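The values are calculated or read from the model by the stated rules, or taken from the named source; none is laboratory data. Owing to the predicted nature of the structure, the values given are computational and were not obtained by experimental measurement. Neighbour counts are summed over all protein chains in view; Cβ atoms, including those assigned to glycine, are modelled from backbone coordinates with ideal geometry.
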Amino acid sequence: SDDFQKAQRFREAALPYLDDVYTLARYLLRDASDAEDAVQECYLRALKHFDSYRGPAMKPWLFAILRNVCNAEYARRAHSHT
């Protein structure tokens, strides 16, 4: 099916950067389990938007999505700490 092929292509394109994305998430969030959650969310979003991805540079694209995820996480934390 089309979805299966999309997921397959996505995995081939994005999984080589999993370690890099996780390393950045650890750096940004300073917490292993938060980093794992952020990476999972990042990859879910990336797969969802993979149709609109047009570019040779997969890693910066994943990093941009991760930063959005982490920014949302910071905002959530800020609200929950008050």
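Data for the structure
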{"item": "Condition check for A13: among the small types (G, A, S), closer than 25 Å to Y74 by Cα and either assigned to a helix (DSSP H, G or I) or without any contact (Cβ under 8 Å) to a residue 24 or more places away in the chain (or both)", "result": "no"}
{"item": "Criterion (of a type in the set (A, V, I, L, M) and touching a helix residue (DSSP H, G or I) at 6+ places or on another chain (Cβ under 9 Å)) met by exactly one of L62, L44", "result": "L62"}
{"item": "Within the stretch 27-47, tally of residues that are basic (K, R) and modelled with pLDDT under 95", "result": "1"}
{"item": "Matching residues, the stretch 29-53, being closer than 27 Å to R9 by Cβ and crowded, with 18+ Cβ neighbours inside 10 Å", "result": "A35, A38, V39, E41, C42, Y43, A46"}
{"item": "Qualifying residue in the stretch 25-33 (condition: acidic (D, E) and in a helix (DSSP H, G or I))", "result": "no"}
{"item": "Residue count, the stretch 54-69 (criterion: closer than 19 Å to R11 by Cα and at pLDDT 95 or above)", "result": "9"}
